[in-house]
Amino acid sequence: MAIVHVNKTVATTATLLTTLNSITEYTAISIQNNDSASIFIGDSTLTVSGTNKGHVIAAGATYQLWVRASDAIYAISSAGTAANAVSVLYSQV
């Protein structure tokens, strides 16, 4: 088992955070927003408002969720983020 840690810059369009290609059915993933603005997570159609508004992660907050193998997780910010301000941590089998 290997721990994977990536830092991402999230833009004002949906930005791919990670795609998991684990052989296990579910993997826990932690997303930390180290920027001063909130980000939103979801699928590739996500927006910061309206019917495709994603799940919000406040500035300075960390969110953990369980995802299935091969799931792709996207993030977006209404203001953009500082370089590498969003951290993603998970176990890659």
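Just to be sure I understand, how many residues within region 19-32 are modelled with pLDDT under 95 and either in a strand (DSSP E or B) or aromatic (Phe, Trp, Tyr) (or both)?
So the answer is 5.
Restricting to region 20-72, name every residue that is of a type in the set (Asp, Glu) and more than 18 Å from His5 (Cα to Cα).
Hits for region 20-72 are Glu25, Asp43.
Select from region 60-93 the residues that are over 13 Å from Ile41 (Cα atoms), modelled with pLDDT under 90 and among the aliphatic types (A, V, I, L, M) and list them in ascending order.
If the condition is that a residue be over 13 Å from Ile41 (Cα atoms), modelled with pLDDT under 90 and among the aliphatic types (A, V, I, L, M), then Ala69, Ala79, Ala82, Ala83, Val93 are the ones that fit.
Show the residue pairs meeting these rules: Cβ distance below 9 Å; 6+ apart or different chains; first residue within region 1-14 and within 11 Å of Tyr74 (Cα to Cα) and in contact (Cβ under 8 Å) with a residue 60 or more places away in the chain; second residue part of a loop (DSSP other than H, G, I, E, B) and hydroxyl-bearing (Ser, Thr, Tyr).
Pairs found: Lys8/Thr81; Val10/Ser77; Val10/Thr81; Ala11/Ser77; Ala11/Thr81; Ala14/Ser44; Ala14/Thr45.
From the set of residues in region 8-25 that are surrounded by fewer than 16 Cβ atoms within 10 Å (Cβ to Cβ), of a type in the set (A, V, I, L, M) and over 14 Å from Ser91 (Cα atoms), which is nearest to the chain's Cα centre (by Cα)?
Looking only at region 8-25, we keep the residues that are surrounded by fewer than 16 Cβ atoms within 10 Å (Cβ to Cβ), and these are 9, 11-13, 16, 19, 21, 23-25.
Next, only the ones that are of a type in the set (A, V, I, L, M) stay: 11, 16, 23.
Imposing the further condition that a residue be over 14 Å from Ser91 (Cα atoms) reduces the set to 11, 16.
Working: Ala11: 12, Leu16: 7 Å.
Filtering region 8-25 for residues that are surrounded by fewer than 16 Cβ atoms within 10 Å (Cβ to Cβ), of a type in the set (A, V, I, L, M) and over 14 Å from Ser91 (Cα atoms), the one nearest to the chain's Cα centre (by Cα) comes out as Leu16.
For every residue, the table says whether it meets (1) buried (at least 16 other Cβ atoms within 10 Å of the Cβ); (2) of a type in the set (A, V, I, L, M, F, W, C); (3) touching a residue at least 40 places away in the same chain (Cβ under 8 Å); (4) touching a strand residue (DSSP E or B) at 6+ places or on another chain (Cβ under 7 Å).
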site: Thr27; (1), (2), (3), (4): yes, no, yes, yes
site: Thr45; (1), (2), (3), (4): no, no, no, no
site: Arg68; (1), (2), (3), (4): no, no, yes, yes
site: Ala75; (1), (2), (3), (4): yes, yes, yes, yes
site: Ala82; (1), (2), (3), (4): no, yes, yes, no
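Being surrounded by fewer than 16 Cβ atoms within 10 Å (Cβ to Cβ) and outside any strand (DSSP E or B) is the requirement here; does Ala59 meet it?
Working: surrounded by fewer than 16 Cβ atoms within 10 Å (Cβ to Cβ): yes; outside any strand (DSSP E or B): yes.
Yes; evaluated as a whole, the condition is true for this residue.
The values are calculated or read from the model by the stated rules, or taken from the named source; none is laboratory data. These numbers were taken from a predicted model, which means no experiment stands behind them. Neighbour counts are summed over all protein chains in view; Cβ atoms, including those assigned to glycine, are modelled from backbone coordinates with ideal geometry.
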